[in-house]
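Chemist: Structure in structure tokens, see below.
Any read-out appearing in this document is the output of simple, stated calculations on the displayed coordinates, not a laboratory observation. All values derive from a computational prediction rather than experimental measurement. Because the Cβ atoms are built from the backbone with ideal geometry, glycine has one as well, and the counts that use them run over all protein chains shown.
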Amino acid sequence: MDRREFFKKGSIVGLAAGTYLTFGDKINLFANSKTSDPQLYDLVAIKGGEPDLMFDKAIQSFGGMKNFVKKNQTVVIKPNIGWDTSPERAANTNPKLISQIIKHCFDAGAKDVYVFDHTCDNWTSCYSNSGIERAAKDAGAKVVSGGSESYYQKINIPKGKRLKETTVHELILESDVFINVPILKSHGGAGLTISMKNLMGVVWDRGYWHRNDLHQCIADYASFRKPDLNIIDAYSVMKTNGPRGISEADVMSFKSQIISTDMVAADAAAAKLFGKVPSEIDYIRIADEMKIGTMDLSKLKINRIIL
Amino acid sequence: MNLAILKKIRVIVSIIFIFAISIVFLDISFTIQPYFSQYPLYLQFIPSLLKFLSIGSIATFGFIFVIFLSLLFGRVYCSSICPLGILQDVFTFIRNKFKIKKYLYTKPLTKTRYFFLIISIVSFLIGTTVGLNLLDPYSNFGRIINNIVRPIIIGIKNIIVFVFESLNIYVLAPIEFKGVSLFSLMFSISILGLILFLSIKYGRLYCNSVCPVGTFLGILSKISFFKIGIIEDNCIKCGECEVICKSNCIDSENEIVDFSRCVGCFNCFDVCPSTGISYLPRYSKSKSEIPNSDKRYFIKSLAILTIGAERILKAQQKIEIYKDSTKPILRKFPVSPPGSISISNFTDNCTACHLCVASCPTQVLQPAFLEYGLLGIMQPRMDFKTGFCNYDCVACLSVCPSGAILPKDIDEKKTIQLGKSKLVKENCVVYTEKTDCGACAEHCPTKAVKMQLDPEINKKAPIITEELCIGCGACEYACPTKPYKSIYIESSAIHGIAQIPKQEKIEQKIDYKEEFPF
């Protein structure tokens, strides 16, 4: 779907529904409808292998990528490409994992797969030095800039408490399937950065979040469009000095991966894996209270795989 | 030898130079800029001269070559190497497509020429490049390209990208352009307008009235070994050479060539039907000198201006003395780019050509207005509103042609301390709102800014280790508070050396067979 088509459809739906607000909900309805197949598990945690191999195994517990991506659908993958650092520094999502996810999407019949992030450092350097641009292009995906304000469209967040409106990258609004691929890292401001925090990279004005209660805004945004799938890269984990890190000395090898359709559950599990109590990370607790997902892992069907 | 071939050579060489120099400024993908820029810029007179005075290595001999060339053949620099001169030739070339202008010999504007030359020299001697900055033809060309042409190219690229992306083709990406400095833009437009007008109306009048490089090389041409002159025996007095001379320096009737104004375009050789005009050895009999009182005027004005300049000198020093001990809220000085050693070294050597601005991938380098003082007008500074200095980048250090920014390798650059980060608690959201933030610490590449528990408010607040700070401005750029930032870089007038962050290796105690903690 291109921009113009999107605007056209947007205005038709908007007119029919009467308000833009309804339109926001519509997207969520579409998103939910395609994961209607009965799921075997709510969450899969896997460890002991290479990132691509772990993903191959883990996604089977959800019945494979075909349960998320239908023929001729468009997919947007949102890794963390925030920093101009090498893959060994583990500040950005593992490129091998991104490449493998793209392959699964195409195998499931995806028409187009897009990859982007609104980076913190200069985006061209981040894209190339993280290794993600090369890996994604080689796997056949379209690598799109997140560094121009012209990509970002205004949306409303009806359930938001502090963050009620913002501008979001058009690919998030236009794509049929949204796959969130954060990397688990320590974070000076937010405590940890995982799935929900990774979504800061799909909006333009992050400063607003920082000014207006960071944790509340992270949770607020999570109520807008939930990713269809969250794949947490915990292969190499930056234990300290995050989110940018200073050197490879900050990195610890976890060789793990967590996948879930529930962002809050995924973040809770990843926080535990990191060695933190989920409820002590404010945005996880707030998102749980706002019923965006659950941080109570005891209620979930979890598949734990150790290779 | 038929000298008409010199014109063809001149045209080819000049096209190569203007093309190569423009490419260096217009490389919006930043691919060749750092590696290539030194070659076409090597012979640019003012940058090369300044770099020689600043570091004096073999990499700076370009201007000596130009002097040597001028002592041999006169101002060939002005038509073949100088991009602003070539640009004027482009304008006249286009004009001639519509209507061919016929020139006539005019008297030189001696006072005007030497006035501008003296201004440049005197201002430079008292330690400011402002005269060169405003008058250097290369720098003016650079500013025209960087402030006028480059934004247009970026705009065109962005339109193309938009069309492509509407067709779902994602091979190019738009450039988020952060704008040009208004003053630099206006100044560049004025200079462009001036040379456009002068070149179309009067040929190379700019080069022979305003340009200090032209005037200086003109002095050298007076004693050059070979000079262009009219050979009485061959000349048929057809006047073709005079009519084609865009420098208005051939008086065909009296058979005089004012070689100090000749820009070495060789058009006269091309049109002369009888080899009546040619390069002649210095002591041949042609009447190429026109007697006037150039030298006396030059020396007299130099003396007058030096006295007046003392006052400017005092104003210039202010930027360095202005350093009292009261706690600063606003920056005392602008932050100068890495590799510039100190603000004074930078302002003393920068001609404001804006090549570093064009080369900066984060657009943190922006032309100053009055931040460096009136004398530093348009010299680039770090503007942390538009970006911050990328930790792993040495682009500006590798392109500077004048030695205002000296080349350093990446490891050394990572320890250059442009300034030190300062926290303004009164503005910081952690203190005012009691909510988490950490945007500054997040962006800090050395962890000079860290989030640490402040027991007084029971929140993690920024804490600064000054020794680690390199003054890159990432914290200031990222700080979300409005309208005033809560963290900013206090510029160091002389750049310091930052400590390399200590690396404590994280203990690897993971058992891959251990059960998950949930």
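Chemist: Using packing as a proxy for protection, rank B:273-281, A:253-261, B:352-360, B:376-384 so that the peptide with the highest average count of other Cβ atoms within 10 Å comes first.
Modeler: Highest to lowest by the protection proxy: B:352-360, B:376-384, A:253-261, B:273-281.
Chemist: Okay, moving on. Where a ≥ b ≥ c are the square roots of the eigenvalues of the C-alpha gyration tensor, would you call the stretch A:73-119 rounded, which needs a/c under 1.5, or, failing that, prolate if a/b is larger than b/c, or oblate?
Modeler: oblate
Chemist: Right, another one. Straight-line reach from A:Lys164: which lysines fall under 20 Å, measuring Cα to Cα and dropping same-chain residues less than 8 apart?
Modeler: A:Lys26, A:Lys154, A:Lys197, A:Lys226, A:Lys291, B:Lys482
Chemist: What's the whole-number percent of alpha carbon pairs in chain B lying beyond 33 angstrom?
Modeler: 49 percent
Chemist: Distance between the C-alpha centers of the stretch B:12-64 and the stretch A:59-120? Whole Å please.
Modeler: Computed from Cα coordinates, the inter-centre distance equals 44 Å.
Chemist: Also, quick follow-up: Rounded to the nearest 0.05, what FRET efficiency do B:Val171 and B:Lys385 give with R0 = 30 Å and r taken as the Cβ-Cβ distance? Could you check?
Modeler: Once rounded, the FRET efficiency stands at 0.45.
Chemist: Where Rh denotes the Kirkwood radius from the mean inverse Cα pair distance, what is Rg over Rh for the protein assembly as shown?
Modeler: Rg divided by Rh gives 1.08.
Chemist: Ok, one more. Tabulate in residue order the Karplus-calculated ³J(HN,Hα) for the stretch A:78-95, using 6.51 cos²θ - 1.76 cosθ + 1.60 with θ = phi - 60°, rounded to whole Hz; enter x for Gly and Pro.
Modeler: 10, x, 9, 10, x, 10, 7, 9, 6, x, 5, 6, 6, 8, 10, 4, 4, x
Chemist: With each run of n ≥ 4 DSSP H residues scored as -39500 (n - 2.57), what mean residue ellipticity at 222 nm is computed for chain B after dividing by its residue count and rounding to the nearest 500 deg cm²/dmol?
Modeler: The helix contribution divided over chain B gives -13000 deg cm²/dmol.
Chemist: If amide H atoms are built 1.01 Å from N in the plane of the peptide, which residues on other chains or at least 5 residues away come under 5 Å of the amide H of A:Val113?
Modeler: For A:Val113, the qualifying residues are A:Val75, A:Lys142.
Chemist: Let me ask something additional. At a Förster distance of 25 Å, what's the computed FRET efficiency of B:Cys238 paired with B:Asn96, Cβ-Cβ distance as r, to 0.05?
Modeler: 0.80
Chemist: Report the Cα centroid-to-centroid distance between the stretch B:420-457 and the stretch B:170-241 in angstrom, as an integer.
Modeler: 53 Å
Chemist: Kindly identify the stretch B:351-508 as rounded, prolate or oblate by the Cα gyration tensor criterion: order the square roots of the eigenvalues as a ≥ b ≥ c, call it rounded if a/c is under 1.5, otherwise compare a/b with b/c, prolate if a/b is larger, else oblate.
Modeler: oblate
Chemist: Label-point separation (nm) for B:Glu433 and B:Ile67, each offset 7 Å from Cα along Cα-to-Cβ?
Modeler: Rounded to a tenth, the inter-label distance reads 6.1 nm.
Chemist: If you take each beta carbon of peptide A:235-244 and count the beta carbons of other chains within 10 angstrom, what is the mean?
Modeler: 3
Chemist: Under a crude label model (7 Å from the Cα following the beta-carbon direction), how far is B:Ala59 from B:Ile12 in nanometres?
Modeler: About 3.1 nm, to one decimal.
Chemist: B:Phe162 to A:Asn156: FRET efficiency via 1/(1 + (r/R0)^6), r the Cβ-Cβ distance, R0 35 Å, to the nearest 0.05?
Modeler: With R0 = 35 Å, the Cβ-Cβ based efficiency is 0.90.
Chemist: Which whole DSSP H helices in chain B pass both tests: a Cα extent of 18 Å or more along the axis and a mean Kyte-Doolittle value no lower than 0.5?
Modeler: Correct list, ordered by number: B:4-26, B:110-125, B:150-166, B:182-202.
Chemist: Write down the percent of antiparallel bridges among all DSSP beta bridges whose residues are both part of the protein assembly as shown, to the nearest 5.
Modeler: So the antiparallel bridges in the protein assembly as shown amount to around 70 percent.
Chemist: From the cross-link list B:Lys51/B:Lys227; A:Lys47/A:Lys301; A:Lys142/B:Lys414; B:Lys434/B:Lys485, which pairs have alpha carbons spaced over 23 Å apart?
Modeler: B:Lys51/B:Lys227; A:Lys142/B:Lys414
Chemist: For the stretch B:1-82, state which trypsin sites (Lys or Arg not before Pro) are in a DSSP loop and have at most 12 other beta carbons lying within 10 Å of their beta carbon.
Modeler: Qualifying residues, ordered by number: none.
Chemist: A further question on this structure: Please list, ordered by chain and number, the residues whose modelled amide H lies under 5 Å from the amide H of A:Met252; skip anything fewer than 5 residues away on the same chain.
Modeler: It is A:Val237, A:Met238, A:Lys239, by chain and number.
Chemist: Rounded if a/c is under 1.5, else prolate if a/b beats b/c, else oblate: with a ≥ b ≥ c from the C-alpha gyration tensor eigenvalues square-rooted, which is the stretch A:39-306?
Modeler: Rounded, because the longest to shortest axis ratio a/c is under 1.5.
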